[in-house]
1. Need one number: nm distance between label points at Thr202 and Asn259, each 7 Å from Cα along Cα→Cβ, rounded to one decimal.
2. Restricting to DSSP H runs of at least four residues, report the calculated mean residue ellipticity at 222 nm for the chain, -39500 (n - 2.57) per run over all residues, nearest 500 deg cm²/dmol.
3. Rounded to the nearest 0.05, what FRET efficiency do Glu269 and Gln113 have when you use their Cβ-Cβ distance and R0 = 22 Å?
4. If the only charges are +1 at each Lys and Arg Cβ and -1 at each Asp and Glu Cβ, what is the size of the charge dipole of segment 88-219 around the Cα centre, to the nearest 20 debye?
5. What full-extension length gain, to one decimal in nm, is calculated for Ser30 and Met101 as 0.36 nm per residue of separation minus the Cα-Cα distance?
6. With contacts defined as alpha carbon pairs under 8 Å and 6 or more residues apart, what's the relative contact order of segment 160-250 in percent?
7. Any idea what the relative contact order of segment 88-219 is, in percent, if you count C-alpha pairs under 8 Å spaced at least 6 apart?
8. When the expected Rg is taken as 2.2 N^0.38 Å, what fraction or multiple of it is the alpha-carbon Rg of segment 211-284?
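Rule-based calculations on the coordinates, nothing more; no lab input. Quick caveat, the model's predicted, so the values are computed rather than measured. Using ideal geometry, Cβ is built from the backbone for each residue, glycine included, and neighbour counts are taken over all protein chains shown.
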Amino acid sequence: MSTFYFRFLARGSPPLRRSPLIERQIARASSSARVVDWRADAFGLVAPPGTPMPPIAAMALRGATAGVVALGASARAGTGTGEVAGAWVCVATPVHLSAGMTHVTFPADGVLQLPAAETAALTEDFNTVFEGAGVRLVAGLAGALLCVFDQSLDVVTHDPEAAMGQDVFGFQPSGPDAPRLRRLASEIEMWLFDHAVNRRRTERGLLPITGLWFWGGGPAGANVLALPIWAAGQDIFFAAFGDATELAGESGSGVVVSNECPGSATWPEVERQWLQPAVAELRAGRLGQIHVSAGQRRFTITRRLNLRFWQRARPWWDYFDTRDGVT
């Protein structure tokens, strides 16, 4: 039976606001689990058993160049740009880091969502400036930037979400080829310092891009099989599985990633579009499980235990161990 995995943002500006629907469902959950890598957790729950998870960047590159790789009924047609030659690819997330006297901090709002015009401008200029360096930028789905290398790299990187609110020193790339990645990151910082894109952002009162955060890397030619999964939202990995607009139990298992926090102005629309239909499908027996995930916690709701109406709901942030809106 189909599985629905719902991932939402657990960072909001105080005061946090209650969300009765999601709180009632979590209160009646059959189980909960700590999640270190939520994408791997979601993939393992919606993909066929035993399916290996492809590298995040390789999946994003495949989605950008060959269209979605899902087989579900909700998958949209691909609008790929053709194959991109290369040996290794990683995500290059635009960030704004805060430099202090002795350390550099990754602020909570340090991950920047760029409009298509800015990603296009950065991609074109990067590939001109760094021509012949064995590396190039590719614009991916969901506003992502991908960095494709001519040679394979042996390096360990970190999801930028893990570094938010912390000194970035402990999250620098490591491994045999880390020096090359760190050197490129330094060159990119200088390239961006007085870039035309940043000048226009500053004029509009937006945070400038101080660098590109490399993560999620793997072989650019990694085998990515078509899978019976549908997806919705603006996630770098799951965007390659489609862009569904509604939930239907017969469509198979899927993942929805929302960049909204419960209580935000647009949260009621998120509930109307995804959570309310999911609860209805669960009660009707057309959906086997609902997984609700945020921060480092995931709750599983099933139809049988959904009848435990005596469980008192607490504020949603209590379930996800966050008091200040940051997990």
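1. So the two model labels end up 2.4 nm from each other.
2. Numbers: 10 runs with 86 residues, N = 327.
Rounded to the nearest 500, it is -7500 deg cm²/dmol.
3. Details: r = 18 Å, r/R0 = 0.83.
About 0.75, to the nearest 0.05.
4. Numbers: 8 positive and 15 negative charges, 30 e Å.
Approximately 140 debye in magnitude.
5. This chain segment gains 20.7 nm when fully extended.
6. Details: 45 pairs, mean separation 15.4, N = 91.
Computed over segment 160-250, the figure is 17 percent.
7. Values: 216 pairs, mean separation 48.0, N = 132.
Contact order relative to length: 36 percent.
8. Details: Rg = 15.3 Å, N = 74, 2.2 N^0.38 = 11.3 Å.
That ratio works out to 1.35.
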